[in-house]
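Notes follow the structure.
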Amino acid sequence: MPDGTSLENALRERLILANGRMVTLQPITPASKPLIAAALARLSPESSRRRFFTPRFRLSERELTELTDTGGPRRYALGACRRADDGSVEGVGIAHYVRTETPGEAELAITVADEFQGLGLGRVLLARLGATALERGIARLRGIVMPDNDPVLALFRKYAPGTRIWHQGDHVAVEIPLDRVLRAVA
């Protein structure tokens, strides 16, 4: 980044999605807990099941703390929010990773609110999270996906060239080489 600006600071940005709605991307912090909790509660049962493998509309305080405690080198999370009609701020998407024990690897998760799915937000979250991960020495992201989670699998197939996708028991495993993702979405 020019002038020594870190990629993390550059991630505070406004985006206009395919339907003309504006969202703001920014790193997740402990202050993000209420936005994440409210966004999770608004997910449809199907979106919740696809993300958590069972409908789930609440995280424990410990889980929220882990998700928002991104000050160290092990975890990072990026959120998308928007200004609602009543002037309040709503969380509409989140992407995060947690480093695994394997050097250069982290586990990935992405969630986008129902009304913002299919508008390009997942692609942008993947690209920005991937760029931050690469900056921090992570070469690949891994994840476990429901086999019927067609939107996420399509996202990886289209915007993450070279992604390995294979069946692992009742689920689908993915391994995303980040250098290829960033070239594809650039």
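The values are calculated or read from the model by the stated rules, or taken from the named source; none is laboratory data. None of the values given here were measured: they were computed from a predicted structure. All Cβ positions, even for glycine, are placed from backbone atoms using ideal geometry, and neighbour counts span all protein chains on display. To get the accessible areas, we keep the full protein, side chains included, count just its heavy atoms, and leave off ligands, DNA and RNA. Shrake-Rupley method; radii C 1.70, N 1.55, O 1.52, S 1.80 Å.
Structure summary
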item: Only listed residue being part of a helix (DSSP H, G or I), in contact (Cβ under 8 Å) with a residue 24 or more places away in the chain and surrounded by fewer than 22 Cβ atoms within 10 Å (Cβ to Cβ), chosen from Ala133, Ala127, Ala154; result: Ala127
item: So Leu129, is it touching a Leu at 6+ places or on another chain (Cβ under 6 Å) and more than 21 Å from Ser32 (Cα to Cα); result: no
item: Only one of Asp170, Asp179 that is surrounded by fewer than 20 Cβ atoms within 10 Å (Cβ to Cβ) and modelled with pLDDT of 90 or more; result: Asp170
item: Residue match in region 160-167 (condition: out of contact with any strand residue (DSSP E or B) (no Cβ under 7 Å at 6 or more places or on another chain), assigned to a strand (DSSP E or B) and within 23 Å of Glu46 (Cα to Cα)); result: yes
item: Test set (1) surrounded by 19 or more Cβ atoms within 10 Å (Cβ to Cβ); (2) more than 25 Å from Asp114 (Cα to Cα) - Leu141 fails condition number; result: (2)
item: Region 101-114 residues that are touching a residue at least 40 places away in the same chain (Cβ under 8 Å), paired with ones that are open to solvent by 30 Å² or more (accessible area, probe 1.4 Å) and among the β-branched types (Val, Ile, Thr) (beta carbon under 7 Å, 6 or more apart); result: Ile110/Val152
item: Enumeration of residues in region 45-76 that are within 20 Å of Gly137 (Cα to Cα) and out of contact with any helix residue (DSSP H, G or I) (no Cβ under 7 Å at 6 or more places or on another chain); result: Thr70, Gly71, Gly72, Pro73, Arg74, Arg75
